[in-house]
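The values are calculated or read from the model by the stated rules, or taken from the named source; none is laboratory data. Bear in mind the structure is a predicted one, so any value in this text is a computation, not a measurement. Positions of Cβ are generated from backbone atoms using ideal geometry, with glycine treated the same way; all protein chains shown enter the neighbour counts.
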Amino acid sequence: MTEALRLGIAGLGTVGGGVLDILARHKQLIAARAGRPIELCAVSARSRGKDRGHDLSGLTWHDDPVRLANDPSVDVFVELIGGEAGPAKAAVEAALRAGKPVVTANKALLAHHGAALARLAEGKGVALNFEAAVAGGIPVVKTIREGLVGNRLGKVFGILNGTCNYILTKMAEEGRSFADVLKEAQSLGYAEADPTFDVGGFDTAHKLAVLTALAFGVEVNLGAIDIEGIEKITLDDIRNASDMGYKIKLLGVAVSGPQGIEQRVHPTLVPKGSPVAETDGVFNAVVVKGDFVGDLMLEGRGAGAHPTASAVLSDVIDIARGSRRPVFGVPAHDLRPYEAAPPRAHEGGFYVALSLLDKPGAVAAIARSLADEHISIESIVQRGTSGTDAPRATAPFILITHNTVERNMRAALERIEADGHVASRPRMIRIERL
């Protein structure tokens with residue numbers, strides 16, 4: 001009988017518990033697919049006495065995950081602690097230096113230290129697998145790294161955070177405010193007590209940084225991402241977008257072009273009926289554009305115990321089979337330096353919401369500011385005025401532009417705000433017409 005592959009798992013939280021569940025339920029199936037038994041032999045967790053629904057009494061326990069990484073009985077180190085530094089980073093580096101393959105679900109670690117860890121792993125001749133770090137149970141890493149090797153990829157984008165997608169979906173379907181839906185998401189466990197990491201776009205940015213390196217063969221560069229969250233999206237924005245044939249989604253977008261790479265995270269108008277627009281609730285969707293395959297979209301559960309644990313075990317089985325590929329698809333020493341496209345060079349359509357002061361010449365002044373920046377208007381919605389003081393009465397003025405360059409759009413909005421024809425700062429949301 002083939003010798004078992006022995007796992008050491010650091011972190012027995014949500015995802016770690018999911019791994020235990022799948023190993024218990026599908027032990028024989030996993031062994032058959034891996035070509036050898038997969039056994040858990042050692043763990044590291046903060047509490048030894050916590051009931052995790054499984055008998056762990058026969059396992060070796062380590063209070064320090066670095067000791068677990070160096071345990072000679074462990075063949076593969078599985079890091080499920082999380083965090084860009086601290087015990088997670090120290091333990092992963094220790095395992096790699098010891099010549100042990102590593103499986104991680106840690107997007108933050110890879111977004112901050114991916115290139116260095118890839119060089120360490122490949123220098124030691126061992127795998128560093130991270131399918132679970134991006135989009136949970138969706139096999140986007142394998143799709144890009146293995147399934148699309150014959151394509152030059154030009155763009156990767158998608159819905160990468162289920163919390164934000166849930167909030168925006170509920171706002172649209174039930175007409176509830178951001179604050180109200182956020183409270184519900186927290187009560188259901190979809191959002192943390194401090195939701196900034198999710199709703200501020202930072203979780204999406206970590207995942208996008210990893211996908212960008214993987215898709216374009218460049219060094220990971222989290223700092224190059226333009227990040228905007230969903231905190232300022234209002235019910236009026238969602239209703240206006242709907243009236244004009246769009247939904248609002250938080251997208252992570254990476255584009256490789258002649259001028260360099262563009263990475264951005266922001267709320268986006270997407271056309272109703274498009275596959276991304278119809279990805280609702282806590283689901284994720286990733287779209288990859290290849291020169292020969294065209295557009296490919298993967299949709300599914302982007303988080304949760306069992307979907308993410310499924311991805312972890314997929315990586316473990318690859319190691320059991322003896323499969324090892326460059327961490328980011330090309331050898332780490334061949335990853336190109338990251339070259340950023342010029343700032344604000346994004347070209348596309350824009351949604352603009354203005355609180356227009358009801359006075360003569362306001363609309364003409366706005367049209368003139370846009371025209372001076374060579375921006376043409378695709379559609380306009382103007383609603384009735386509000387307020388009793390006529391000179392200060394305001395009217396919602398919504399417009400959708402044809403494609404233009406973002407720097408021109410921002411310049412026009414600065415002029416509109418300075419002209420004194422609006423009661424508050426204009427709100428701008430990018431459009432992806434897909």
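Selection of first residues in the range 168-191 that are at pLDDT 90 or above and assigned to a helix (DSSP H, G or I) and of second residues that are among the aromatic types (Phe, Trp, Tyr) and crowded, with 16+ Cβ neighbours inside 10 Å, restricted to Cβ pairs under 6 Å at least 6 apart or on distinct chains, gives the following pairs, ordered by first then second residue: Ala185/Tyr166. Thr2 meets each of the listed conditions (1) in contact (Cβ under 8 Å) with a residue 24 or more places away in the chain; (2) within 22 Å of Glu131 (Cβ to Cβ) apart from (2).
Could we say that Glu406 is surrounded by 18 or more Cβ atoms within 10 Å (Cβ to Cβ) and either out of contact with any helix residue (DSSP H, G or I) (no Cβ under 6 Å at 6 or more places or on another chain) or at pLDDT 95 or above (or both) here? It is true that Glu406 is surrounded by 18 or more Cβ atoms within 10 Å (Cβ to Cβ) and either out of contact with any helix residue (DSSP H, G or I) (no Cβ under 6 Å at 6 or more places or on another chain) or at pLDDT 95 or above (or both). Here Leu335 meets the list (1) under 23 Å from Ala115 (Cα atoms); (2) of a type in the set (A, V, I, L, M); (3) within 17 Å of the chain's Cα centre (by Cα) almost entirely, failing just condition (3). Consider the range 151-167 and keep the residues that are in contact with a Ser or Thr (Cβ under 9 Å, 6 or more places away or on another chain) and part of a helix (DSSP H, G or I). The one that is surrounded by the most Cβ atoms within 10 Å (Cβ to Cβ) is Cys164. Note on the range 99-145: residues that are of a type in the set (A, V, I, L, M) and without any contact (Cβ under 8 Å) to a residue 60 or more places away in the chain amount to 4.
Any residue that is exposed (fewer than 15 other Cβ atoms within 10 Å of the Cβ), touching a residue at least 12 places away in the same chain (Cβ under 8 Å) and in contact with a Gly (Cβ under 8 Å, 6 or more places away or on another chain) - is there at least one of those in the range 38-53? The answer is yes, given that some residue of the range 38-53 is exposed (fewer than 15 other Cβ atoms within 10 Å of the Cβ), touching a residue at least 12 places away in the same chain (Cβ under 8 Å) and in contact with a Gly (Cβ under 8 Å, 6 or more places away or on another chain). Looking across the range 78-112, just one residue is among the β-branched types (Val, Ile, Thr) and part of a helix (DSSP H, G or I), and that is Val92. Restricting attention to the range 55-77, does a residue exist that is without any contact (Cβ under 8 Å) to a residue 24 or more places away in the chain, of a type in the set (Gly, Ala, Ser), outside any helix (DSSP H, G or I) and more than 25 Å from Ala303 (Cα to Cα)? Yes.
The strands (runs of 3 or more DSSP E) falling completely within the range 273-378 that include 2 or more residues that are assigned by TED's automatic domain parsing to the domain that holds Gly223, out of contact with any His (no Cβ under 9 Å at 6 or more places or on another chain) and surrounded by 20 or more Cβ atoms within 10 Å (Cβ to Cβ) map to 283-290.
Just the residues that are over 26 Å from the mean Cα position of the chain (by Cα) and not aliphatic (A, V, I, L, M), please, taken from the range 405-434. Residues satisfying the conditions are Asn408, Glu414, Arg415, Glu417, Asp419, Gly420, His421, Ser424, Arg425, Pro426.
The residue that is farthest from Tyr166 (Cα to Cα), among those in the range 236-282 that are out of contact with any Lys or Arg (no Cβ under 9 Å at 6 or more places or on another chain) and of a type in the set (A, V, I, L, M, F, W, C), is Ile261.
Among the residues of the range 82-91, the ones that are in contact (Cβ under 8 Å) with a residue 12 or more places away in the chain and more than 22 Å from the chain's Cα centre (by Cα) come to 3 in all.
Taking the range 8-22 as the range and being out of contact with any Leu (no Cβ under 7 Å at 6 or more places or on another chain) and in a helix (DSSP H, G or I) as the test, the residues that pass are Thr14, Gly17, Gly18, Leu20, Asp21. Got at least one residue in the range 113-134 being assigned to a loop (DSSP other than H, G, I, E, B), aliphatic (A, V, I, L, M), over 19 Å from Ser44 (Cα atoms) and at pLDDT below 95? So far as the range 113-134 goes, no, none of its residues is assigned to a loop (DSSP other than H, G, I, E, B), aliphatic (A, V, I, L, M), over 19 Å from Ser44 (Cα atoms) and at pLDDT below 95. The sole residue among Gly201, Gly273 that is on the phi > 0 side of the Ramachandran plot and without any contact (Cβ under 8 Å) to a residue 12 or more places away in the chain is Gly273.
Selection within the range 171-224: residues that are farther than 13 Å from Gln263 by Cα and among the hydroxyl-bearing types (Ser, Thr, Tyr). The member of this set that is surrounded by the most Cβ atoms within 10 Å (Cβ to Cβ) is Tyr190.
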